[in-house]
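As structure tokens, the structure follows; a few thoughts come after it.
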Amino acid sequence: HLARTQSTKEMRVMWSAATFVNDAKVRWGLHPGNLIHNVTVEPPYSYDREDLCGPPATTAGWYQAPWFYTAVVSFPTEPEGRQIFYSCGSDAHGWSQVSVFRVPVGVRRNATLKITA
């Protein structure tokens with residue numbers, strides 16, 4: 001998943017995995033075959049049965065929750081609209097397929113807003 005931060009020069013990358021990975025990273029770059037930048041993730045988190053309020057949440061249909069990972073990719077020199085390629089994972093546990101997003105466009109005073117109904 002992707003989410004904008006308050007800065008137009010950052011993007012939050014989030015994913016989940018069944019296993020805990022202590023050296024997870026986001027690799028990114030300007031070309032899919034050249035992911036030269038690394039971002040260390042924030043501490044991963046999960047939850048267990050003890051974190052829930054009780055039955056039926058802790059009994060019927062329970063399965064172990066995944067680990068959730070998040071990292072903020074900063075790209076201060078890239079122009080708006082530029083494609084950023086990225087992959088999530090680690091050398092020990094493997095990497096996701098390369099995905100892509102565009103550097104967000106900043107707020108403009110004279111921007112045109114189109115609403116389609």
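The values are calculated or read from the model by the stated rules, or taken from the named source; none is laboratory data. If you're wondering where the values come from, they're calculated on a predicted model, not measured in any experiment. A quick note on method: Cβ atoms are made from the backbone with ideal geometry, for glycine too, and the neighbour counts reach across all protein chains shown. Surface accessibility is based on the protein's heavy atoms, side chains included, excluding ligands, DNA and RNA. Shrake-Rupley method; radii C 1.70, N 1.55, O 1.52, S 1.80 Å.
Just a few scattered comments:
- Taking the protein heavy atoms of the chain in the context of the full set of protein chains, the accessible area attributed to carbon and sulfur is 53 percent at 1.4 Å.
- Of GLU78, GLU42, GLU50, the one that fluctuates the most in a GNM where the chain has Cα springs shorter than 10 Å: GLU50
- Residues considered: PRO44, PRO79, PRO55. Largest GNM mean-square fluctuation over the chain, using C-alpha springs under 10 Å, is found at PRO55.
- Rounded to the nearest 10 Å², the accessible area of HIS93 at probe 1.4 Å: 110
- Signed unit charges on C-beta, dipole axis of the chain, positive-most listed residue PRO55, LEU35, PRO66: LEU35
- GNM flexibility winner over the chain from THR19, THR40, THR70 (Cα, springs under 10 Å): THR19
- Accessible area per residue, Å², the chain with all protein chains present, probe 1.4 Å: 69
- Among (1) 246; (2) 124; (3) 183, the entry that matches volume of the Cα convex hull per residue in Å³ as calculated here: (3)
- Think of each Lys and Arg Cβ as +1 and each Asp and Glu Cβ as -1; about the Cα centre, that makes the dipole of the chain roughly 740 debye.
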